[in-house]
Amino acid sequence: MVESPVVLETRQLSKAYRMGEVTVTALQQVDFQVRRGEFVAIMGPSGSGKSTLLHLLGGLDTPTSGEIILAGQSFSQLKDEQITRLRRQMVGFIFQFYNLLPTLSAAENVAIPLLIDGKSPAAFRQRINELLDLVGLSPRADHLPDQLSGGQQQRVAIARAFVNAPQIVLADEPTGNLDSRSGTAILELLRKTCQELTATIVMVTHDPRAASYANRVVFLRDGQIVHQLTDSGEGVAVQKIMEVMASLEL
(Lines give C-alpha, C1' and ligand atoms only; values in the text may rest on other atoms or scores of the structure.)
Protein backbone atom coordinates (compact mmCIF):
# COMPACT_ATOMS: atom_id res chain seq x y z
CA MET A 1 0.00 0.00 0.00
CA VAL A 2 1.39 3.39 -1.06
CA GLU A 3 1.47 5.97 1.72
CA SER A 4 -0.22 9.33 1.19
CA PRO A 5 2.11 12.30 0.69
CA VAL A 6 3.13 14.40 3.68
CA VAL A 7 1.11 17.63 3.82
CA LEU A 8 2.64 19.15 6.93
CA GLU A 9 5.91 18.49 8.73
CA THR A 10 7.90 19.96 11.60
CA ARG A 11 11.60 19.39 12.18
CA GLN A 12 13.14 20.04 15.60
CA LEU A 13 10.43 22.63 16.26
CA SER A 14 10.93 24.62 19.46
CA LYS A 15 9.19 27.61 21.01
CA ALA A 16 10.23 29.57 24.09
CA TYR A 17 8.63 32.65 25.67
CA ARG A 18 10.11 35.30 27.91
CA MET A 19 8.01 35.96 31.02
CA GLY A 20 9.83 38.68 32.92
CA GLU A 21 13.19 37.25 33.91
CA VAL A 22 12.12 33.69 33.17
CA THR A 23 12.24 31.78 29.87
CA VAL A 24 9.39 29.30 29.46
CA THR A 25 9.86 26.52 26.92
CA ALA A 26 6.52 25.62 25.33
CA LEU A 27 7.84 23.16 22.70
CA GLN A 28 11.09 21.22 22.58
CA GLN A 29 12.48 19.90 19.28
CA VAL A 30 9.21 18.41 18.03
CA ASP A 31 9.35 16.22 14.92
CA PHE A 32 5.85 15.73 13.54
CA GLN A 33 4.29 14.70 10.22
CA VAL A 34 0.75 14.74 8.90
CA ARG A 35 -0.17 12.87 5.73
CA ARG A 36 -2.96 13.73 3.31
CA GLY A 37 -6.30 12.38 4.47
CA GLU A 38 -5.26 11.93 8.11
CA PHE A 39 -7.41 13.03 11.04
CA VAL A 40 -4.94 13.65 13.88
CA ALA A 41 -5.85 14.53 17.46
CA ILE A 42 -3.33 16.25 19.74
CA MET A 43 -3.80 15.69 23.47
CA GLY A 44 -2.00 16.77 26.61
CA PRO A 45 -2.54 18.52 29.93
CA SER A 46 -2.80 22.29 30.26
CA GLY A 47 0.60 23.80 29.49
CA SER A 48 1.79 20.79 27.48
CA GLY A 49 2.26 22.86 24.32
CA LYS A 50 -0.66 21.62 22.23
CA SER A 51 -2.15 25.05 21.51
CA THR A 52 1.30 26.47 20.85
CA LEU A 53 1.93 23.68 18.34
CA LEU A 54 -1.39 24.34 16.58
CA HIS A 55 -0.65 28.08 16.31
CA LEU A 56 2.80 27.39 14.90
CA LEU A 57 1.42 24.89 12.37
CA GLY A 58 -1.03 27.51 11.14
CA GLY A 59 1.57 30.24 10.84
CA LEU A 60 -0.13 32.27 13.58
CA ASP A 61 3.09 32.33 15.60
CA THR A 62 6.78 31.97 14.80
CA PRO A 63 9.05 29.28 16.28
CA THR A 64 12.18 30.01 18.28
CA SER A 65 13.98 27.38 16.22
CA GLY A 66 13.24 24.49 13.90
CA GLU A 67 11.28 24.23 10.69
CA ILE A 68 7.66 24.00 9.54
CA ILE A 69 7.01 22.70 6.03
CA LEU A 70 3.52 23.02 4.52
CA ALA A 71 2.83 21.56 1.09
CA GLY A 72 6.55 21.47 0.39
CA GLN A 73 7.16 25.09 1.42
CA SER A 74 9.30 25.90 4.45
CA PHE A 75 8.04 28.81 6.55
CA SER A 76 11.63 29.73 7.36
CA GLN A 77 12.24 30.50 3.68
CA LEU A 78 9.22 32.80 3.38
CA LYS A 79 8.61 36.43 4.26
CA ASP A 80 5.76 37.34 6.62
CA GLU A 81 3.43 38.35 3.79
CA GLN A 82 4.16 35.06 1.99
CA ILE A 83 3.31 33.08 5.13
CA THR A 84 0.09 35.09 5.44
CA ARG A 85 -0.84 34.24 1.85
CA LEU A 86 0.08 30.57 2.35
CA ARG A 87 -2.05 30.41 5.50
CA ARG A 88 -4.96 32.12 3.75
CA GLN A 89 -4.90 29.75 0.78
CA MET A 90 -3.82 26.45 2.30
CA VAL A 91 -5.00 26.37 5.93
CA GLY A 92 -8.53 26.28 7.29
CA PHE A 93 -9.34 27.03 10.93
CA ILE A 94 -12.13 25.84 13.21
CA PHE A 95 -12.33 27.55 16.60
CA GLN A 96 -14.08 26.66 19.83
CA PHE A 97 -16.28 29.77 19.73
CA TYR A 98 -17.21 29.65 16.00
CA ASN A 99 -16.03 33.24 15.18
CA LEU A 100 -18.95 33.93 12.84
CA LEU A 101 -19.83 37.49 11.84
CA PRO A 102 -23.27 38.21 13.39
CA THR A 103 -24.58 40.41 10.55
CA LEU A 104 -23.85 37.84 7.81
CA SER A 105 -25.94 34.82 6.85
CA ALA A 106 -24.64 31.28 7.10
CA ALA A 107 -23.77 31.25 3.39
CA GLU A 108 -22.05 34.65 3.63
CA ASN A 109 -20.01 33.48 6.62
CA VAL A 110 -18.88 30.44 4.65
CA ALA A 111 -17.74 32.78 1.86
CA ILE A 112 -15.51 34.97 4.10
CA PRO A 113 -12.20 33.21 3.24
CA LEU A 114 -12.96 33.73 -0.45
CA LEU A 115 -13.49 37.46 0.07
CA ILE A 116 -10.28 37.77 2.10
CA ASP A 117 -8.41 36.04 -0.72
CA GLY A 118 -9.86 38.45 -3.29
CA LYS A 119 -12.20 35.93 -4.88
CA SER A 120 -15.82 36.45 -5.86
CA PRO A 121 -18.23 34.33 -3.78
CA ALA A 122 -20.60 34.29 -6.75
CA ALA A 123 -18.03 32.30 -8.72
CA PHE A 124 -17.94 29.73 -5.91
CA ARG A 125 -21.68 29.56 -5.30
CA GLN A 126 -21.82 25.87 -6.18
CA ARG A 127 -19.03 24.99 -3.73
CA ILE A 128 -20.65 27.03 -0.95
CA ASN A 129 -23.95 25.23 -1.56
CA GLU A 130 -22.24 21.83 -1.64
CA LEU A 131 -20.49 22.49 1.65
CA LEU A 132 -23.68 23.71 3.33
CA ASP A 133 -25.36 20.56 2.07
CA LEU A 134 -22.50 18.42 3.40
CA VAL A 135 -22.87 19.92 6.88
CA GLY A 136 -26.66 19.65 6.70
CA LEU A 137 -27.48 23.35 6.63
CA SER A 138 -28.80 23.99 3.12
CA PRO A 139 -32.26 24.97 4.45
CA ARG A 140 -30.63 27.53 6.78
CA ALA A 141 -28.23 29.13 4.31
CA ASP A 142 -29.90 32.56 4.73
CA HIS A 143 -30.14 32.43 8.53
CA LEU A 144 -28.06 34.73 10.73
CA PRO A 145 -25.87 33.19 13.45
CA ASP A 146 -28.28 34.19 16.25
CA GLN A 147 -30.96 32.19 14.45
CA LEU A 148 -28.83 29.04 14.66
CA SER A 149 -28.00 26.74 17.56
CA GLY A 150 -24.41 26.38 18.79
CA GLY A 151 -24.03 23.11 16.93
CA GLN A 152 -25.37 24.67 13.73
CA GLN A 153 -23.00 27.62 14.07
CA GLN A 154 -20.08 25.21 14.39
CA ARG A 155 -21.29 23.45 11.22
CA VAL A 156 -21.12 26.81 9.44
CA ALA A 157 -17.58 27.24 10.78
CA ILE A 158 -16.64 23.80 9.43
CA ALA A 159 -18.01 24.65 5.98
CA ARG A 160 -16.10 27.94 6.08
CA ALA A 161 -12.85 26.14 6.94
CA PHE A 162 -13.13 23.99 3.82
CA VAL A 163 -14.40 26.55 1.31
CA ASN A 164 -10.91 27.33 -0.06
CA ALA A 165 -10.11 23.61 -0.43
CA PRO A 166 -7.19 23.96 2.03
CA GLN A 167 -4.31 21.54 2.29
CA ILE A 168 -5.04 21.15 6.01
CA VAL A 169 -7.66 22.19 8.56
CA LEU A 170 -6.63 23.03 12.14
CA ALA A 171 -9.32 22.65 14.79
CA ASP A 172 -8.88 24.08 18.30
CA GLU A 173 -11.24 22.34 20.77
CA PRO A 174 -14.07 22.39 18.18
CA THR A 175 -16.56 20.72 20.56
CA GLY A 176 -15.46 22.51 23.74
CA ASN A 177 -18.41 24.92 23.71
CA LEU A 178 -21.08 22.35 22.82
CA ASP A 179 -23.25 19.93 24.76
CA SER A 180 -22.51 16.22 24.46
CA ARG A 181 -25.07 15.52 21.73
CA SER A 182 -24.02 18.47 19.54
CA GLY A 183 -20.35 17.67 20.14
CA THR A 184 -20.81 14.10 18.98
CA ALA A 185 -22.57 15.31 15.83
CA ILE A 186 -19.70 17.71 15.07
CA LEU A 187 -17.07 14.97 15.57
CA GLU A 188 -18.97 12.62 13.27
CA LEU A 189 -19.19 15.44 10.74
CA LEU A 190 -15.45 16.10 10.92
CA ARG A 191 -14.70 12.44 10.31
CA LYS A 192 -17.22 12.34 7.46
CA THR A 193 -15.67 15.47 5.94
CA CYS A 194 -12.21 13.95 6.24
CA GLN A 195 -13.37 10.87 4.36
CA GLU A 196 -15.58 12.46 1.70
CA LEU A 197 -13.31 15.41 0.85
CA THR A 198 -10.06 13.48 1.46
CA ALA A 199 -9.43 16.31 3.89
CA THR A 200 -6.58 16.54 6.39
CA ILE A 201 -7.42 17.61 9.94
CA VAL A 202 -5.32 18.31 13.03
CA MET A 203 -7.47 18.77 16.13
CA VAL A 204 -6.43 19.86 19.62
CA THR A 205 -8.65 18.38 22.33
CA HIS A 206 -8.57 17.49 26.02
CA ASP A 207 -11.44 15.00 25.60
CA PRO A 208 -10.57 11.28 25.05
CA ARG A 209 -13.99 10.74 23.48
CA ALA A 210 -13.32 13.48 20.91
CA ALA A 211 -9.83 12.13 20.21
CA SER A 212 -11.27 8.68 19.52
CA TYR A 213 -12.74 9.96 16.25
CA ALA A 214 -9.22 10.55 14.88
CA ASN A 215 -7.04 8.08 13.00
CA ARG A 216 -4.03 9.02 15.12
CA VAL A 217 -3.68 10.47 18.60
CA VAL A 218 -0.50 12.36 19.53
CA PHE A 219 0.23 12.93 23.22
CA LEU A 220 2.23 15.96 24.37
CA ARG A 221 3.81 16.55 27.74
CA ASP A 222 6.20 19.35 28.69
CA GLY A 223 6.46 20.44 25.07
CA GLN A 224 7.45 17.05 23.68
CA ILE A 225 5.66 14.21 21.91
CA VAL A 226 5.71 11.35 24.42
CA HIS A 227 3.43 8.79 22.75
CA GLN A 228 1.23 8.15 19.70
CA LEU A 229 -1.70 5.83 19.01
CA THR A 230 -2.75 4.93 15.48
CA ASP A 231 -5.69 3.10 14.01
CA SER A 232 -6.32 2.19 10.40
CA GLY A 233 -10.06 1.64 10.89
CA GLU A 234 -12.69 3.79 12.52
CA GLY A 235 -10.59 5.66 15.03
CA VAL A 236 -8.78 4.90 18.25
CA ALA A 237 -10.66 3.30 21.15
CA VAL A 238 -11.46 5.61 24.05
CA GLN A 239 -10.22 2.97 26.48
CA LYS A 240 -6.80 2.87 24.80
CA ILE A 241 -6.54 6.65 24.98
CA MET A 242 -7.46 6.71 28.67
CA GLU A 243 -4.95 3.94 29.43
CA VAL A 244 -2.14 5.93 27.78
CA MET A 245 -3.19 9.08 29.62
CA ALA A 246 -3.10 7.22 32.93
CA SER A 247 0.25 5.57 32.23
CA LEU A 248 1.82 8.89 31.22
CA GLU A 249 0.08 10.74 34.08
CA LEU A 250 -1.46 13.21 31.64
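The values are calculated or read from the model by the stated rules, or taken from the named source; none is laboratory data. Not measured: the values here are computed from a predicted model. Glycine also receives a Cβ, built like all others from the backbone with ideal geometry; neighbour counts cover every protein chain displayed.
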Return yes or no: is Arg160 within 23 Å of Glu196 (Cα to Cα) and in contact (Cβ under 8 Å) with a residue 60 or more places away in the chain? yes
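Looking only at residues that are hydrophobic (A, V, I, L, M, F, W, C) and over 15 Å from Leu56 (Cα atoms) in segment 8-39, which one is surrounded by the most Cβ atoms within 10 Å (Cβ to Cβ)? Even if it seems obvious, please write down each step before you answer.
Going through segment 8-39, the residues hydrophobic (A, V, I, L, M, F, W, C) turn out to be 8, 13, 16, 19, 22, 24, 26-27, 30, 32, 34, 39.
If we keep only those that are over 15 Å from Leu56 (Cα atoms) too, we end up with 19, 22, 24, 39.
Working: Met19: 7, Val22: 7, Val24: 12, Phe39: 23.
Applying the filter and picking the extreme gives Phe39.
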Tell me which strands (runs of 3 or more DSSP E) are completely within segment 168-250 and hold 1 or more residues being under 13 Å from the mean Cα position of the chain (by Cα) and not aliphatic (A, V, I, L, M), or say none if there are none. 168-172
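Residues that are touching a Pro at 6+ places or on another chain (Cβ under 8 Å), at negative phi and crowded, with 16+ Cβ neighbours inside 10 Å: does segment 166-185 have at least one? Walk me through how you get there before you give the answer.
In the first step, residues of segment 166-185 are kept if they are touching a Pro at 6+ places or on another chain (Cβ under 8 Å); the result is none.
Taking every residue of segment 166-185 in turn, none turns out to be touching a Pro at 6+ places or on another chain (Cβ under 8 Å), at negative phi and crowded, with 16+ Cβ neighbours inside 10 Å.
Scan segment 214-231 for residues that are in contact (Cβ under 8 Å) with a residue 60 or more places away in the chain and within 16 Å of Val34 (Cβ to Cβ) and report the count. Outline the logic, then answer.
Within segment 214-231, the subset in contact (Cβ under 8 Å) with a residue 60 or more places away in the chain is 214-225.
Adding the requirement that they be within 16 Å of Val34 (Cβ to Cβ) leaves 214-220, 225.
So the count comes out to 8.
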Which of the residues that make up segment 82-137 are farther than 30 Å from Asp179 by Cβ, of a type in the set (A, V, I, L, M, F, W, C) and out of contact with any Pro (no Cβ under 9 Å at 6 or more places or on another chain)? Ile83, Leu86, Ile116, Ala122, Ala123, Phe124
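Which residues, taken from segment 1-48, are in a loop (DSSP other than H, G, I, E, B), within 21 Å of the chain's Cα centre (by Cα) and not hydroxyl-bearing (Ser, Thr, Tyr)?
The first filter runs over segment 1-48 and keeps only residues in a loop (DSSP other than H, G, I, E, B), leaving 1-5, 20-21, 36-38, 44-48.
Then keep just the ones that are within 21 Å of the chain's Cα centre (by Cα); that gives 4-5, 36-38, 44-48.
Result: Pro5, Arg36, Gly37, Glu38, Gly44, Pro45, Gly47.
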Selection within segment 74-102 - touching a residue at least 12 places away in the same chain (Cβ under 8 Å), exposed (fewer than 14 other Cβ atoms within 10 Å of the Cβ) and over 22 Å from Pro174 (Cα atoms): Thr84
Restricting attention to segment 109-132, which residues are without any contact (Cβ under 8 Å) to a residue 24 or more places away in the chain and over 24 Å from Glu196 (Cβ atoms)? Leu115, Gly118, Ser120, Ala122
Tell me, which residue of segment 222-237 that is modelled with pLDDT under 90 and out of contact with any strand residue (DSSP E or B) (no Cβ under 6 Å at 6 or more places or on another chain) is surrounded by the most Cβ atoms within 10 Å (Cβ to Cβ)? Gly235
